[in-house]
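Contents: one structure, followed by commentary.
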Amino acid sequence: MEGIGFWVLALAASCFVGLSKGGLPAVGMLGVPVLSLVISPVTAAGLLLPVYVVSDMFGLWAYRRAVDRRVLAIMIPATTLGIAMGWATAAMVPERAVTGLVGLIGAAFALNIILRGTPQGPARAARVAPGLFWGALTGFTSFVSHAGAPPYQVYVLPLKLEKMVFAGTSTVLFAYVNAAKLAPYWALGQLSAANLKVAAVLMVPASIAVLAGVRLVRIIPTALFFRFVTWALLAVSLKLLWDAAA
């Protein structure tokens, strides 16, 4: 892990992570694919996890009062189950299959919104059964490749949460998910001393990017914010599909 090319992409990936913790969740999914251009995806995932965890601390402070407690009450147990499934099947499930599944779900959902428009009528209620399913899938895909945003957004976007509440709930949930992944990642040998040294450097730009993300969420109009989230989800999902097929 050396050379100008690596550090340019690593800094970009850390900024994507920080922006996601500032309230733009789909952007964070670009981190591992970008860094995978110069190192293996498994190494990239292990390298970025500590950066996610430290960035989460800034995001938690910024959105400490803007959360939907019902969504968190449903999704936290479900994501815990998904992380446990990812840990148990880490050696059996091909990463390509998971990457392709996440990309397919995210692309289909984003295209449905883009082509048909945002559904009219009242917001959908946060139901338990769908939340447990999408939450487990969120935890599983986040464990495998930090790609939990598409299944999470499939469940949460139809709830039509207020902009800051959407950003805050996303930040709090994924802060929990990332903290829960630390022990399994360590057990699987993905948190090496070399990774931690590089991650310590990347925590600085990531932390600055968190504050930039919070600022962007506050000033972007609500309609434009969710349009950006949808298009970012589509872009990342197509990139995942490309990775799975390549």
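The values are calculated or read from the model by the stated rules, or taken from the named source; none is laboratory data. Just so it is clear, the model here is predicted, and its values are computed rather than measured. Positions of Cβ are generated from backbone atoms using ideal geometry, with glycine treated the same way; all protein chains shown enter the neighbour counts. We work out accessible area using only protein heavy atoms, side chains counted, and drop any ligands, DNA or RNA first. Shrake-Rupley method; radii C 1.70, N 1.55, O 1.52, S 1.80 Å.
Quick notes
- Test result for Arg227, farther than 22 Å from Ala12 by Cβ and among the charged types (D, E, K, R): yes
- Scanning segment 197-227 for residues that are of a type in the set (S, T, N, Q) and touching a Lys or Arg at 6+ places or on another chain (Cβ under 7 Å) returns a single hit, Thr222.
- Test: Thr230 is among the polar types (S, T, N, Q), in contact (Cβ under 8 Å) with a residue 40 or more places away in the chain, under 29 Å from Ala107 (Cα atoms) and touching a Lys or Arg at 6+ places or on another chain (Cβ under 6 Å): no
- Residue list for segment 129-143, filter: in contact (Cβ under 8 Å) with a residue 40 or more places away in the chain and under 18 Å from Lys160 (Cβ atoms): Gly131, Trp134
- Residue match in segment 210-226 (condition: closer than 26 Å to Ala107 by Cβ, at pLDDT 90 or above and among the aliphatic types (A, V, I, L, M)): no
- All positions within segment 149-173 that are open to solvent by 20 Å² or more (accessible area, probe 1.4 Å) and in contact with a Leu (Cβ under 8 Å, 6 or more places away or on another chain): Val172
- The residue of segment 174-225 that is nearest to the chain's Cα centre (by Cα), among those that are part of a helix (DSSP H, G or I), exposed (fewer than 13 other Cβ atoms within 10 Å of the Cβ) and without any contact (Cβ under 8 Å) to a residue 40 or more places away in the chain, is Ala183.
- Conditions (1) open to solvent by less than 10 Å² (accessible area, probe 1.4 Å); (2) under 26 Å from Glu162 (Cα atoms); (3) at pLDDT below 90; number of the one not met by Met75: (3)
- Residue within segment 54-69 that is open to solvent by 10 Å² or more (accessible area, probe 1.4 Å), more than 27 Å from Lys160 (Cα to Cα) and either over 18 Å from the mean Cα position of the chain (by Cα) or not aromatic (Phe, Trp, Tyr) (or both) present: yes
- The single condition from (1) open to solvent by less than 50 Å² (accessible area, probe 1.4 Å); (2) assigned to a helix (DSSP H, G or I) that Ala126 fails is (2).
- Every listed requirement among (1) out of contact with any Pro (no Cβ under 9 Å at 6 or more places or on another chain); (2) at pLDDT 90 or above; (3) farther than 29 Å from Tyr155 by Cα is met by Ala194 save one, (2).
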